[in-house]
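The values are calculated or read from the model by the stated rules, or taken from the named source; none is laboratory data. Not measured: the values here are computed from a predicted model. Heads up, the Cβs are rebuilt from the backbone with ideal geometry, glycines too, and the neighbour counts pull from every protein chain shown. We work out accessible area using only protein heavy atoms, side chains counted, and drop any ligands, DNA or RNA first. Shrake-Rupley method; radii C 1.70, N 1.55, O 1.52, S 1.80 Å.
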Amino acid sequence: METEMDRTQLGAAGPDVSVLGLGAMGMSDLYGPADHDEGLLTIRASLDAGINLIDTGDFYGLGANEMLIARALDGVNREDVVLSVKFGAQRSPDGSWLGHDNSPNAVKNSLAYSLKRLNVDYIDIYRPARLDPSVPIEETVGAIAEMVHAGYVRHIGLSEVGVETIRRAHAVHPICDLQIEYSLLSRDIEEDVLPATRELGIDITAYGVLARGLLSGHWNANRQLAANDYRAIIDRFSQDNVEKNLALVAALTEIGQSVGATPAQVAIAWATAQGPDIVPVIGARRRDRLSEAVAAASLKLSPSDLERIEHAVPMGAAAGARDVAQSLDPALHGS
């Protein structure tokens, strides 16, 4: 790796990770046409920039995302990379969503295929993508714990679940991190989830820090989304809501100009400033966007900067639900 980036321990007993992670989903799925060659180069550039945490899901691109990561990691020292993998989401050949299966057999079966696609002997952090209401979380975490003892997994994480599930899971096996959406426009975890994870010594790997592009400074109200870009069905991106949300970004842009940063960098630095237990996972699909995000790691916001940001984008200011599941049924995120 060519560049050093500050590191932090993920949770009370988790791996040492860079203070920014890379989320690879958009390189293969859900955000419109994918440029796999650029994605490959972006993953390699992230390693050169000192990022060692790479997040994926076995259902991203129906396995294509894991295979892309495997190509990017060819020749890289395995111990230099922390791979975080989600499982459990079920999809049909046309890509449509069928539900979730977090049963013990599904845990082990999904893990076997991920190990093969990633071309690795173990996965650093393995986690269910969402709560499966038909399977007690104790059974799911217990099955992953078996894989930890067998050497196929090193740490266990969770994703998009609530306090009760977090506590029950942590009682079975230590959880190193909760992956959940957290940004200036999505701060609901501050009420009860964040206090609970801090009590238990569990870190937050925060995805959606740029609110799926809204906070990037590169979005405009007239942007036409591709048919396979799922932001087209998220309330927050509807015509009425996006204009209200971009007004918040305009205020953030003014603050950024005063500190010599882009709105994206301010949004990332804001998340980092919320505590050493917050690790933003940046969904950069291109090297230029990655470079912009990496620069945010060295941006230190003063208390007065944070007060201005709070005034410009107060909690609850965002218009529209943050994702499809929340739009359709908030209970899908678990309890």
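Numbers for the structure displayed
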| read-out | value |
| --- | --- |
| Value of Rg/Rh across region 4-144 [Cα atoms, Kirkwood radius] | 0.96 |
| For region 88-137 versus region 152-177, the gap between their alpha-carbon centres in whole angstrom | 15 |
| Between region 50-70 and region 259-315, the alpha-carbon center distance in angstrom | 24 |
| Extension gain, M315 back to E139 (0.36 nm per residue minus Cα-Cα distance, nm) | 59.8 nm |
| Whole-percent carbon and sulfur share, accessible surface of region 240-285, 1.4 Å | 50 |
| Most to least packed among 188-196, 289-297, 90-98 [average Cβ atoms within 10 Å] | 289-297, 188-196, 90-98 |
| Net lengthening on full extension, M67/L246 (0.36 nm per residue, minus Cα-Cα) | 60.9 nm |
| DSSP beta bridge pairing in the chain, given as percent antiparallel to the nearest 5 | 20 |
| Extension gain from L306 to E190, taking 0.36 nm per residue of separation minus the Cα-Cα distance | 40.2 nm |
| GNM top mover of A150, A267, A169 - the chain, alpha-carbon springs below 10 Å | A150 |
| Solvent-accessible area per residue for the chain (1.4 angstrom probe, square angstrom) | 42 |
| Spatially proximal lysines relative to K244 (Cα-Cα < 29 Å; intrachain offsets below 8 disregarded) | K300 |
| Theoretical FRET efficiency, 1/(1+(r/R0)^6), r = Cβ-Cβ of N109 and R198, R0 41 Å, to 0.05 | 0.75 |
| Calculated FRET efficiency for the pair L41/H149, C-beta based, R₀ 41 Å, to 0.05 | 0.65 |
| Hits among lysines - C-alpha to C-alpha of K116 under 30 Å, sequence gap 8 or more where chains match | K86, K108 |
